[in-house]
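The values are calculated or read from the model by the stated rules, or taken from the named source; none is laboratory data. Everything quoted here is computed from the prediction, not taken from an experiment. Glycine gets a Cβ as well: all are built from the backbone with ideal geometry, and neighbour counts include every protein chain shown.
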Amino acid sequence: MKKVLVVQFSQSGQLTDILHHLVTPLVEDSAVELSYYTISIERSFPFPWDKASFFDAFPESFLQIPYDLKDPQNEVLYQKYDLVILAYQVWYLSPSIPMNSFLKSPQAKRLLKDTEVVTVIGARNMWALAQEKVKKQLLEVGARLKGNIVLVDRNINHISVITIVQWMFTGKKEKYLGVFPKPGVAQSEIEGAGKFGRVMQSYLHEKGTDLQPALLEQGAVEIRPFLIEMDQKANKMFKIWANLIIKKKASRPTWLKVFNVYLFVAIWFISPLVYLIYLLKRPFINTKIKKLKAYYQGVKTYV
């Protein structure tokens, strides 16, 4: 009997839906025992978001400041598994506060040591550096990352900004104004996630080949080089903002409003300029792009 644990936190329910379809082949396999753990921490986050709560989560999200788990004695955290599936959202270019809190907990250190892990990401579009942060945390607890699956909103960047914001602040995953596409991961891709589950099922029983190449054959990770470049640049700026705001105890709300303005300018005015510069230099960096794609599609970590 192969034992598999699914660890997840989902606000909107999209990630839960992805996992439902992804693990169906494992659920239907009588030789697999599947357990679930939904992360619960000593801080709550509303859904739909209100504006104040949304921006207030920024410093702790980006700086990866953890909170205590609400149920540290949950029995599923004290068993050993053949595979652990970690499913997370990206908040402010980092793993969500609940997932980060879990990964930094004593329970995760015990659970994941010498254990094979597959990460599953449900994101708008920028996820690469958040995954690097997760890789580092997994390395620190002695886990063995074997696979990564990424499902994203495939709409044009600025279109997805509009639709995701509408979804996050209303809780309605629908066509905004009846014109814009639905936000988030396409339902067809969510429902097709079982193909990744079948790959994991084969891996559990055979262990004959590396898991990630087999997942990549099924389209597990698509790389958009420009978004990774944007991710890298935004991380540098977010680091400055987060470290500034976290120190501003009394004036934190004011500084978060200033950050809100910065974010608006960065998305709607700075990023198009960065994209134009990227297009101009693209013919001269093809070798770099190939290396970048190979690295971010894989599970190795720069040490």
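Each residue in region 66-80 was checked for being over 25 Å from Q14 (Cβ atoms) and under 22 Å from the mean Cα position of the chain (by Cα), and 1 pass. Among the residues of region 136-153, which ones are of a type in the set (K, R) and more than 24 Å from S202 (Cα to Cα)? Across region 136-153, the qualifying residue is only K136.
Table: residues versus (1) surrounded by 15 or more Cβ atoms within 10 Å (Cβ to Cβ); (2) touching a Lys or Arg at 6+ places or on another chain (Cβ under 6 Å); (3) not β-branched (V, I, T).
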residue: S12; (1), (2), (3): yes, no, yes
residue: V27; (1), (2), (3): no, no, no
residue: T38; (1), (2), (3): no, no, no
residue: D50; (1), (2), (3): no, no, yes
residue: D56; (1), (2), (3): yes, no, yes
residue: Y67; (1), (2), (3): yes, yes, yes
residue: D71; (1), (2), (3): no, no, yes
residue: N74; (1), (2), (3): no, no, yes
residue: L77; (1), (2), (3): yes, no, yes
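Residues in region 17-43 that are within 19 Å of the chain's Cα centre (by Cα) and not aromatic (F, W, Y): D17, I18, L19, H20, H21, L22, V23, T38, I39, S40, I41. Within region 2-57, being under 20 Å from E189 (Cα atoms), without any contact (Cβ under 8 Å) to a residue 24 or more places away in the chain and in a helix (DSSP H, G or I) holds for T16, H20, V27. Determine if region 230-240 includes at least one residue that is in contact with a strand residue (DSSP E or B) (Cβ under 6 Å, 6 or more places away or on another chain) and within 17 Å of N148 (Cβ to Cβ). No, region 230-240 has no match at all. Evaluate the following for V179: is it touching a Phe, Trp or Tyr at 6+ places or on another chain (Cβ under 8 Å) and aliphatic (A, V, I, L, M)? Taking the combined requirement at face value, the residue does not satisfy it.
Against the test of being in contact with a helix residue (DSSP H, G or I) (Cβ under 6 Å, 6 or more places away or on another chain), polar (S, T, N, Q) and under 21 Å from A87 (Cβ atoms), the options Q212, Q218 yield a single qualifying residue, Q218. One residue alone among L83, L139 is surrounded by fewer than 19 Cβ atoms within 10 Å (Cβ to Cβ), over 10 Å from the mean Cα position of the chain (by Cα) and in contact (Cβ under 8 Å) with a residue 40 or more places away in the chain, and that residue is L139. Taking the criterion of being hydroxyl-bearing (S, T, Y) and either in contact (Cβ under 8 Å) with a residue 40 or more places away in the chain or surrounded by 21 or more Cβ atoms within 10 Å (Cβ to Cβ) (or both), no residue of region 178-201 qualifies. Is it the case that N148 is part of a loop (DSSP other than H, G, I, E, B) and not hydrophobic (A, V, I, L, M, F, W, C)? In short, no.
For G208, the conditions (1) under 30 Å from Y278 (Cα atoms); (2) of a type outside the set (S, T, Y); (3) not in a helix (DSSP H, G or I) are fulfilled apart from (1). Residues in region 241-269 that are among the aliphatic types (A, V, I, L, M), more than 22 Å from the chain's Cα centre (by Cα) and surrounded by fewer than 17 Cβ atoms within 10 Å (Cβ to Cβ): 6 in all. Annotation note: of A250, A266, A220, A234, the sole residue that is part of a loop (DSSP other than H, G, I, E, B), closer than 30 Å to F284 by Cα, at pLDDT 95 or above and of a type in the set (A, V, I, L, M) is A220.
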